[in-house]
Amino acid sequence: MNTPENKAGMDGGPVRRQEWRVPARMDGLTGLLAKVEAFLEAAGWSLAASHPVLLAIEELATNTIKYGYPAAAGTLEVVLAVTAATADLTLRDDGMPFDPVTAPPPDLDQPVEDRPIGGLGLHLVRRQSASFVYRRLATGHNEVHLIFHSLAATLKSGFQELH
Amino acid sequence: MDIQQHQNGAVLTLLLAGRLDSAGANHLDAELAAVVRGGGRDLRLDLAGVSFLSSAGIRILLTHYRGLKKLNGAFGVVNSPPAVREVIELSGLSILIRDETPEPVAATAGPAAEPAAGGGKTGGETANVAAVVRTPGAGPLRCRLIGDPGRLAVGRGYDAADCRAVAVTRETLAVGIGAFGGGFAECRGAFGEFLAAGGAAACQPTDGGGTPDYLLASGNFIPEPCLLHGVVCEGTPGMFFHFEPWAARVPVPMSEVARLCLDHAGADSAALVMLADTAGLLGAALKRSPAAGDVPAAPLAFPEIRQWLSFTPERAHVGSLALVVGVVARATAAMPASFFRPLGGAAGSPLAHLHAAAFTFQALPDGFRPLATAMSGLFSTQRLQGLLHLIHDDRVITGGGESLFWRGNVWCGPLASLEVAL
């Protein structure tokens with residue numbers, strides 16, 4: 001991570017950085033999302049701008065919890081570094097290898113009535129992040145790195161509210 | 001998740017408050033199932049109080065939409081906050097949105113994604129320039145053209161004589177098709193997109209897994225990649241400037257950066273190195289080495305071209321840090337057409353041969369740094385994700401079919417000469 005705390009960000013503002021570690025269980029996820037939401041709010045991120053970041057954590061962590069640990073229990077690690085304009089999110093888990101970046105996209109051209117439901121979460125993450133990169137670490141961890149920009153979301157929501 | 005029911009004639013509205021995540025979705029699923037069992041057929045969800053919607057929530061919306069449709073009922077959502085509405089739309093479920101108010105005109109594109117039409121702009125109209133630094137004593141750059149890019153299209157086989165070793169010093173600025181290796185035999189299967197600047201050289205090998213590779217000049221070590229064709233300049237770019245969009249949230253097209261560069265260099269042609277926060281790159285990259293044994297007669301004709309070149313169908317590497325290297329020239333300059341192509345679709349658009357390397361994002365300092373310092377810092381701290389030859393793509397309408405940037409640092413200098421070394 002190249003964004004130590006208090007270093008000036010690209011917008012000239014400070015970088016806020018926080019790490020969380022939670023057990024890879026669904027009941028750990030709700031509390032984690034609440035903490036991340038509070039952190040983003042304290043960093044000045046609007047609800048509209050924060051939503052894609054929270055969505056990415058929920059979708060990727062849910063996947064990992066459901067499919068990454070067929071036997072043993074594990075730990076999820078979340079690292080978030082934000083400026084007023086950019087959020088840099090890293091998710092690590094010690095579960096089975098899985099690359100969410102290359103997972104096949106859902107077929108949204110089919111009629112709603114008979115469209116299969118799988119794959120939608122990763123599709124949303126892909127569409128709402130500015131960068132989405134996976135690597136398997138030598139330590140046996142999956143690491144997903146994402147970047148989000150706050151301004152587009154904030155402007156878009158402001159524009160919609162005007163109408 | 002808090003749910004309240006509100007009956008208005010035949011329509012039953014459920015007012016939701018809270019998060020529609022995995023837990024909230026289970027709660028809503030049970031509530032809707034109970035309502036339908038109780039005879040509810042015309043249902044609305046009022047999402048004004050919903051702060052979060054994930055695919056788990058979408059799954060429930062889809063399930064009950066389908067269920068009620070089978071029962072000849074109706075199901076829709078109203079009053080979605082913008083972030084929630086976006087998730088519904090991206091999921092392909094706009095059909096569920098039942099608000100009476102008309103669709104916002106720019107809800108899907110958004111003002112941020114709509115740059116001013118590229119092309120016909122003059123310098124300074126889409127970008128503000130700051131922090132201009134001139135390096136005293138830096139003269140113009142000497143530049144030579146190696147090989148012939150036109151040979152890619154005709155598919156003539158290459159041999160050892162076509163493999164030109166180019167020493168990459170801190171004074172070298174180059175783009176082309178190249179590979180790292182000790183000679184033609186070692187390189188022939190790997191030739192791909194190449195760039196070099198400030199003592200750093202990067203290649204996109206066409207053999208193996210497609211992971212880009214780089215070498216840095218240090219001490220006595222000087223990388224000597226092999227080039228099939230390329231533009232190679234020697235010298236120090238004497239001009240530095242930083243640019244930002246002139247109008248808020250309107251990214252700067254590549255042709256505008258080229259114009260700024262030519263204006264600052266006061267020349268008809270200039271070499272440039274740019275580090276920029278990208279709003280999207282449009283480009284192409286070789287997928288197979290043109291020097292490998294099995295080159296067909298015309299690899300860049302349809303349909304073979306699909307096996308040889310990968311195009312970005314829409315802007316790629318959004319939000320990455322891009323390193324762009326190459327030579328730009330005014331439309332009126334006499335430049336060989338096989339090497340230099342227009343950057344935009346409009347008449348008078350500058351000519352260029354530019355390659356871009358995309359890196360993981362890093363905040364860009366807006367003050368001057370020597371080019372070699374910036375390059376060694378970039379390559380040693382950020383991960384190289386891919387290389388592209390930047391192209392103008394008239395199938396991409398927004399932004400004039402050009403690569404777009406939010407802000408950047410540019411090192412540039414006029415060309416003294418353009419030698420052709422065939």
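The gain in end-to-end length when the B:Thr373 to B:Asp99 segment is fully stretched comes to 93.1 nm, 0.36 nm per residue minus the alpha carbon separation.
Mean projected area of the Cα convex hull of segment A:16-162, taken over all directions, amounts to 10.0 nm². The Rg/Rh ratio for the protein assembly as shown is 1.02, where Rg is the radius of gyration of the alpha carbons and Rh is the Kirkwood radius. From least to most packed, judged by other beta carbons within 10 angstrom and beginning with the fewest, B:Ser310, B:Ser51, B:Ser269, B:Ser380 follow the order B:Ser380, B:Ser310, B:Ser51, B:Ser269.
Extension gain, B:Glu186 to B:Ile222: 0.36 nm times the residue separation minus the Cα-Cα distance gives 11.1 nm. Calculated FRET efficiency, B:Arg395 to B:Asp159, Cβ-Cβ distance, R0 = 25 Å: about 0.10 to the nearest 0.05. Which FRET efficiency value, to the nearest 0.05, do you get for A:Asp99 and B:Ala334 by plugging their Cβ-Cβ distance into 1/(1 + (r/R0)^6) with R0 = 60 Å? The value I calculate is 0.75.
Take every DSSP beta bridge whose two residues both sit in the protein assembly as shown; close to 85 percent of them are antiparallel.
Projecting the Cα positions of B:Gly319, B:Cys412, B:Thr278 onto the charge dipole of the protein assembly as shown (unit charges on Cβ atoms of Lys, Arg, Asp and Glu, taken about the Cα centre) puts B:Cys412 furthest along the positive direction. Cα extents for segment B:305-359 along the principal axes, largest to smallest and rounded to whole angstrom: 32, 28, 19. Each of A:Val36, B:Val50 was scored by other Cβ atoms within 10 Å of its Cβ. Arranged with the fewest first, they read A:Val36, B:Val50. All other residues whose Cβ lies under 11 angstrom from that of B:Gly147 are scored, Lys and Arg at +1 and Asp and Glu at -1, for a net of +1. On the beta carbon distance between B:Arg134 and A:Tyr67, with R0 = 56 Å, the FRET formula returns roughly 0.45. A crude spin-label estimate for the pair B:Val11 and A:Lys35, with each label 7 Å from Cα along the Cβ direction, gives 4.2 nm. Each Lys or Arg adds one and each Asp or Glu takes one away; over the other residues whose Cβ falls under 10 Å from the Cβ of B:Leu12, this sums to +1. Going by neighbour counts of Cβ atoms within 10 Å, the residues B:Asp29, A:Asp93 line up, fewest first, as B:Asp29, A:Asp93.
The mean number of partner chain beta-carbon atoms within 10 angstrom of a residue's beta-carbon across peptide B:74-87 is 4. Dipole magnitude for the protein assembly as shown: about 260 debye, using +1 per Lys or Arg Cβ and -1 per Asp or Glu Cβ, origin at the Cα centre.
Starting from the Kirkwood Rh over alpha-carbon pairs, what translational D in µm² s⁻¹ does chain B have by Stokes-Einstein at 37 °C and 0.692 mPa s?
Answer, rounded: 136 µm²/s.
For segment B:311-400, the fraction of C-alpha pairs farther apart than 24 angstrom is 33 percent.
Readers should treat all values here as calculations from the given coordinates under stated rules, not as data from a laboratory. On a predicted model such as this, the values are computed, not experimentally measured, just so you know. Counting neighbours? That spans all protein chains shown, and the Cβs are built from the backbone with ideal geometry, glycine included.
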